[in-house]
Amino acid sequence: MNVYFLVEGKTERKVYPKWLAYLAPQLKRVDFPSDVLADNYYLISGGGFPSILDNHLVDSAADVNASGKFDYFVLAIDTDDVSATEKVKEVEEFIIDHNVVFNNCEVVILPQVVCMETWFLGNRRIYARNPSSAEVSAFTGHYNTAQNDPEKMRQPQGYSGSIGDYHFHYLKTMLREKKITSSYRKSEPRGVTESYYIDELRSRIKSDPNCLHSLQNFIQQVEDIVS
């Protein structure tokens, strides 16, 4: 079983290998698509949207077809301010419109609602119930991510940034508040790559199956691929 991952950006490039080592330890990473033999995966970042489609999807299809050894092509992409259904449709239409073909390889589209930081907010333990500052209170007062689905959180009215930007800053503030890390960055997503962190996320979706649907989908897809 061989899998080709095309992921959204810097965060996924760091987190996915750590999580896959935990969720699918039988898959071993290779540095180049041509190195694939058996039970391997190759992972590359698309550098954000829209370059993940405009520049990388066609090249990835060429890699897959040249190898002939990949069973699955997995595209992990942020939904930002649209629904998971709309994002999947956008990707499917791009594939059709640009005549992108994956020979003998199943295509799996994994929408990340809103972004990967949204998933990380699903860890109930990082929500600050007793904020230590006005900055922390502003986030926790806006939306309780321990009780409510992080995927449904919008940015406050009047917030100048995107919804993904708000989720990023919310997460960064909570991780600092809980002393998990004082320097979370997309290029260095500290704390969230540990096995205990994904254990907390899996516990959350098990106890509350009505939240974090796109994260549930990701875990289920990985389990299905390696089963």
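The values are calculated or read from the model by the stated rules, or taken from the named source; none is laboratory data. From a predicted model like this one, the values you see are computed outputs, not experimental measurements. We place every Cβ from the backbone using ideal geometry, glycine too, and count neighbours over all the protein chains shown.
Among the listed residues Ala138, Ala146, which satisfies the condition of being outside the structural domain of Asn55 (by TED's automatic domain parsing), under 21 Å from Tyr196 (Cβ atoms), among the small types (Gly, Ala, Ser) and modelled with pLDDT of 95 or more? Working first, answer last.
On the way: Ala138 fails: under 21 Å from Tyr196 (Cβ atoms).
Being outside the structural domain of Asn55 (by TED's automatic domain parsing), under 21 Å from Tyr196 (Cβ atoms), among the small types (Gly, Ala, Ser) and modelled with pLDDT of 95 or more holds for just one of Ala138, Ala146, which is Ala146.
Sort through Arg154, Arg202 and tell me the only one that's more than 14 Å from the chain's Cα centre (by Cα) and within 17 Å of Tyr16 (Cα to Cα).
Numbers: Arg154 fails: within 17 Å of Tyr16 (Cα to Cα).
Unique residue meeting the criteria: Arg202.
Would you confirm, using the coordinates I've provided, whether Thr145 is in a helix (DSSP H, G or I), of a type in the set (S, T, N, Q) and surrounded by 13 or more Cβ atoms within 10 Å (Cβ to Cβ)? Steps first, answer last, please.
Working: in a helix (DSSP H, G or I): no; of a type in the set (S, T, N, Q): yes; surrounded by 13 or more Cβ atoms within 10 Å (Cβ to Cβ): yes.
For Thr145, the condition - in a helix (DSSP H, G or I), of a type in the set (S, T, N, Q) and surrounded by 13 or more Cβ atoms within 10 Å (Cβ to Cβ) - is not met.
Got a sec? Which of Gly122, Gly158, Gly164 is touching a residue at least 24 places away in the same chain (Cβ under 8 Å) and part of a loop (DSSP other than H, G, I, E, B)?
Details: Gly158 fails: touching a residue at least 24 places away in the same chain (Cβ under 8 Å); Gly164 fails: part of a loop (DSSP other than H, G, I, E, B).
From the options Gly122, Gly158, Gly164, the qualifying one is Gly122.
Just checking, how many residues over the range 206-215 are assigned to a helix (DSSP H, G or I) and either of a type in the set (Phe, Trp, Tyr) or over 15 Å from Leu110 (Cβ atoms) (or both)?
Of the range 206-215, the ones assigned to a helix (DSSP H, G or I) are 206-207, 213-215.
If we keep only those that are either of a type in the set (Phe, Trp, Tyr) or over 15 Å from Leu110 (Cβ atoms) (or both) as well, we get 206-207.
Here the count works out to 2.
Quick check on Val114: is it surrounded by 12 or more Cβ atoms within 10 Å (Cβ to Cβ), in contact (Cβ under 8 Å) with a residue 40 or more places away in the chain and over 23 Å from the mean Cα position of the chain (by Cα)? Can you show your working first?
Details: surrounded by 12 or more Cβ atoms within 10 Å (Cβ to Cβ): yes; in contact (Cβ under 8 Å) with a residue 40 or more places away in the chain: yes; over 23 Å from the mean Cα position of the chain (by Cα): no.
No; evaluated as a whole, the condition is false for this residue.
Taking the range 199-215 only, how many residues are polar (S, T, N, Q), surrounded by fewer than 16 Cβ atoms within 10 Å (Cβ to Cβ) and more than 13 Å from Ala146 (Cβ to Cβ)?
Here is the first cut: in the range 199-215, the ones polar (S, T, N, Q) are 203, 207, 210, 214.
Add one more test, that the residue is surrounded by fewer than 16 Cβ atoms within 10 Å (Cβ to Cβ), and what stays is 203, 207, 210.
Of the ones still in play, those that are also more than 13 Å from Ala146 (Cβ to Cβ) are 210.
Qualifying residue count, the range 199-215: 1.
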(request) Kindly indicate the residue of the range 1-26 that is surrounded by fewer than 20 Cβ atoms within 10 Å (Cβ to Cβ) and over 13 Å from the mean Cα position of the chain (by Cα) and also nearest to His98 (Cα to Cα) among those meeting that condition. (result) Met1
(message) Please determine whether any residue of the range 179-192 is free of Cβ contacts under 8 Å to residues at least 60 places away in the same chain, in a helix (DSSP H, G or I) and not assigned by TED's automatic domain parsing to the domain that holds Ala21.
(response) no
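How about the range 101-119: which of its residues are within 20 Å of Arg185 (Cβ to Cβ), of a type in the set (Val, Ile, Thr) and not in a helix (DSSP H, G or I)?
Passing the criteria: only Val114.
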(request) Would you mention how many residues in the range 44-60 are within 11 Å of Leu75 (Cα to Cα) and polar (S, T, N, Q)? (result) 2
